[in-house]
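**Q** Dumping the structure here so I can ask a few things about it.
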Amino acid sequence: MILYQNQFVPKDKMHISFEDRGYYFGDGVYEVFRIYRGKLFEKQAHMRRLVRSAGEIRLRLPYSTEEIEEKLESLVIQEQIEEGTLYMQITRGIAPRAHVFPKNAEPVLMAYCNEVKRPLGSIKEGITAVSVEDIRWHRCDIKSLNLLGNVLAKQEAVERGAGEAILHRSGRVTECSASNVMMVKDGVIYTHPADNCILHGVTRAVVLKLARQEGLEIREEARSLEDFLQADEAFITGTTVEITPIIRIDGQAVGTGRPGPLTVQLQSAFEKAIIS
Ligand code: PDD
């Protein structure tokens, strides 16, 4: 079933207007939630980010946040998903193509969920990454439907045989194509500050909280690509990837070339957080 506005519509009956501004302009915002044990993980954090993203692009939400939460929860129950993801987007609505905001269009909410297993293989073994220049706009903190910069970066990574693209602006690492990135050097965890250059990842915030609880030192500072290449450990964080070690960057081993001890420590703290 697809949740479309107020209705649950079977997938094969679902139609989207060609005049939806999401289709024309990527004019909308989205969220991806993780479902663990039939529940939306970090629901409030995702909802807060949704409200913020919508506000930043001056998009009026079609329902109250309580109503949206209720709809999403009933979708999860109806689909009987125990372990999976929920995708939701809200666009500025349906109107003849014109850049200026339409006067009377009703924003369009669409959501569905899928059963998705945790990527336990890559969480354990790690992935490789390549560096790609970050060519995106300067509001990467908005979870907007416009993802061309991310799509091109991920495609380049895959074509170069890697699992993720580490994005950098003139050598300063920001985040990855669909995840945040952190590195460890001499026992300190470094990650880019939550400003306009990165998406303020829900998983990133959970990991930083867990790291503090574990008594680990964190510095929210941008590091260079060179620093990442010289790091003891590196890992990505994200709703679907959780905490996934990066074991090689541009063909060069990170640390020992195996998931490092702080990464593994954080993974086990995260594991506890998702089952509690
Ligand atoms: N992506 N940075 C970018 C560019 C992302 O697209 C994502 C998530 C993250 C991690 O954010 P979070 O921890 O809140 O998932 C960081 C989602 C999963 C996606 O677009 O599919």
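No value in this document is a laboratory result; all are computed from the given coordinates. Model, not experiment: these values are computed from the prediction. In this analysis, Cβ positions are derived from the backbone assuming ideal geometry, glycine residues included, and neighbour counts consider all displayed protein chains.
**Q** Simple spin-label model, 7 Å along Cα-to-Cβ: A253 to E19 in nm?
**A** For A253 paired with E19, the spin-label model returns 6.1 nm.
**Q** Let me ask you something else. Pairing the Cα long axis of helix 261-275 with the longest principal axis of the chain, what angle in degrees results, from 0 to 90 and rounded to the nearest 10?
**A** Taking Cα atoms only, the helix is inclined about 30 degrees.
**Q** Would you mind putting 12-21, 238-247, 95-104 in packing order, based on average other-beta-carbon counts within 10 Å, highest first? Walk me through the numbers on the way to the answer.
**A** Values: 12-21: 12.8, 238-247: 22.6, 95-104: 10.5.
The densest-packed peptide leads the list: 238-247, 12-21, 95-104.
**Q** Obtain the nm distance between the two label points defined at L229 and D12 by a simple spin-label model: each point lies 7 Å from its Cα along the Cα-to-C-beta direction.
**A** Once both label points are built, they end up 5.4 nm from each other.
**Q** Which aspartates and glutamates have a Cα less than 19 Å from the Cα of K272, not counting those fewer than 8 places away in the same chain?
**A** Filter leaves E42, E82, E83, E214, E242.
**Q** Here's a follow-up. Using every alpha carbon pair in segment 121-275, what percent of pairs falls into each 10 Å bin from 0 up to the bin containing the largest distance?
**A** Binned Cα distances yield the sequence 12, 46, 35, 7.
**Q** Estimate the FRET efficiency between Q5 and D186 by the formula 1/(1 + (r/R0)^6), using the beta-carbon distance for r and 51 Å for R0, to the nearest 0.05. Before the final figure, lay out the partial values.
**A** Working: r = 53 Å, r/R0 = 1.03.
That gives a FRET efficiency of 0.45.
**Q** Is there a quick way to get the dipole size of segment 140-255? I mean about its Cα centre, with the Cβ of Lys and Arg at +1 and of Asp and Glu at -1; what is the value in debye to the nearest 20?
**A** Details: 12 positive and 17 negative charges, 50 e Å.
Computed about the Cα centre, the dipole is about 240 debye.
**Q** Quick one: of K11/K117; K43/K143; K43/K209; K124/K154, which pairs are farther than 18 Å apart, Cα to Cα?
**A** Working: K11/K117 21 Å; K43/K143 16 Å; K43/K209 16 Å; K124/K154 21 Å.
Table pairs above 18 Å Cα-Cα are K11/K117; K124/K154.
**Q** Same structure, new question: Sort all Cα-Cα distances of segment 36-185 into consecutive 5 angstrom bins from zero, then give the percent of pairs in each bin up to the one containing the longest distance.
**A** Going from the shortest bin to the longest, the percentages are 2, 8, 14, 15, 17, 18, 14, 9, 3, 1, 0.
**Q** Among K117, K43, which comes first, then next, by fewest other beta-carbon atoms within 10 Å? Intermediate values should be presented prior to the final figure.
**A** Numbers: K117 8, K43 16.
Ordered by Cβ neighbours within 10 Å, fewest first: K117, K43.
**Q** Highest mean first, what order results for 227-233, 134-140 on Cβ atoms within 10 Å? Mind dumping the intermediate values first?
**A** Details: 227-233: 18.9, 134-140: 15.6.
The peptides rank, most packed first, as 227-233, 134-140.
**Q** Still on this model: Subtract the Cα-Cα distance of Q265 and Y36 from 0.36 nm times their separation in residues, and report this length gain in nm to one decimal.
**A** Values: separation 229, 0.36 × 229 = 82.44 nm, distance 2.07 nm.
Contour length minus Cα-Cα distance gives 80.4 nm.
**Q** Specify the angular offset, from 0 to 90 degrees and rounded to the nearest 10, of the alpha carbon long axis of helix 202-213 from the longest principal axis of the alpha carbons in the chain.
**A** Compared with the principal axis, the helix lies near 40 degrees.
**Q** Ok, one more. What's the angle, to the nearest 10 degrees (0 to 90), between helix 43-56's Cα axis and the longest principal axis of the chain?
**A** Approximately 70 degrees, to the nearest 10.
**Q** Between K124 and I274, what is the spin-label point distance in nm, taking each point 7 Å from the Cα along the Cα→C-beta axis?
**A** Taking the simple label geometry, K124 and I274 are separated by 1.4 nm.
**Q** Something else about it: Can you give the calculated 222 nm mean residue ellipticity of the chain, where each DSSP H run of n ≥ 4 adds -39,500 (n - 2.57) and the sum is split over every residue, rounded to the nearest 500 deg cm²/dmol?
**A** Working: 8 runs with 84 residues, N = 276.
Using -39500 (n - 2.57) per qualifying helix, the result is -9000 deg cm²/dmol.
**Q** About its Cα centre, how strong a charge dipole does segment 2-117 have in debye, to the nearest 20, once Lys and Arg get +1 and Asp and Glu get -1 at the Cβ?
**A** On the way: 17 positive and 17 negative charges, 77 e Å.
Charge dipole of segment 2-117: 360 debye, to the nearest 20.
**Q** Just want the ordering: D141, D186, from fewest to most Cβ atoms lying within 10 Å of their own Cβ. Mind showing how you got there, number by number?
**A** On the way: D141 17, D186 7.
Ascending Cβ contact count within 10 Å gives the list D186, D141.
**Q** Residue farthest toward the positive end of the dipole of the chain, with Cβ of Lys/Arg at +1 and Asp/Glu at -1: which of T85, L3, T128?
**A** The Cα lying farthest towards the positive end belongs to L3.
**Q** State, as an integer percentage, the relative contact order of the chain based on alpha-carbon contacts under 8 Å between residues 6 or more apart. Intermediate results must be reported in sequence, preceding the final value.
**A** Working: 554 pairs, mean separation 48.6, N = 276.
For the chain, the relative contact order is 18 percent.
**Q** Please give the Cα centre distance for segment 164-221 versus segment 1-63, rounded to the nearest Å.
**A** One Cα centre to the other: 26 Å.
**Q** So if I take the alpha carbon set of the chain, get Rg, then get Rh from the Kirkwood formula, what is the Rg over Rh ratio? Intermediate results must be reported in sequence, preceding the final value.
**A** Numbers: Rg = 19.2 Å, Rh = 19.6 Å.
Across the chain, the Cα-based Rg/Rh ratio is 0.98.
**Q** So, one more: Looking at the chain, send over the antiparallel percent of its DSSP beta bridges, to the nearest 5. Walk me through the numbers before you get to the answer.
**A** Details: 44 of 56 bridges.
Around 80 percent antiparallel, to the nearest 5.
**Q** Suppose R0 equals 30 Å. What FRET efficiency, 1/(1 + (r/R0)^6) with r the Cβ-Cβ distance, do R172 and V51 give to the nearest 0.05? Display every interim value, and only then the final one.
**A** Numbers: r = 29 Å, r/R0 = 0.98.
Computed FRET efficiency for R172 and V51 comes out at 0.55.
**Q** Rank Y190, N146, I35 by how far each Cα sits towards the positive end of the charge dipole of the chain (+1 on Lys, Arg Cβ; -1 on Asp, Glu Cβ) and give me just the farthest.
**A** Among Y190, N146, I35, the one farthest towards the positive end of the dipole of the chain is N146.
**Q** Okay, next question. Magnitude of the Cβ-charge dipole of the chain, K/R +1 and D/E -1, about the Cα centre, nearest 20 debye?
**A** Values: 35 positive and 38 negative charges, 85 e Å.
Taking the Cα centre of the chain as origin, the dipole is about 400 debye.
**Q** With viscosity set to 1.306 mPa s and temperature to 10 °C, compute the Stokes-Einstein D of segment 2-117, Rh being the Kirkwood radius across alpha carbon pairs; µm²/s, no decimals. Could you put the intermediate results ahead of the total?
**A** Values: Rh = 14.6 Å.
Roughly 109 µm²/s, to the nearest whole number.
**Q** Additional query: Kindly rank 213-226, 166-179 from highest to lowest mean number of other beta carbons found within 10 Å of each residue.
**A** Numbers: 213-226: 13.4, 166-179: 21.0.
Ranked from most to least packed, the peptides come out as 166-179, 213-226.
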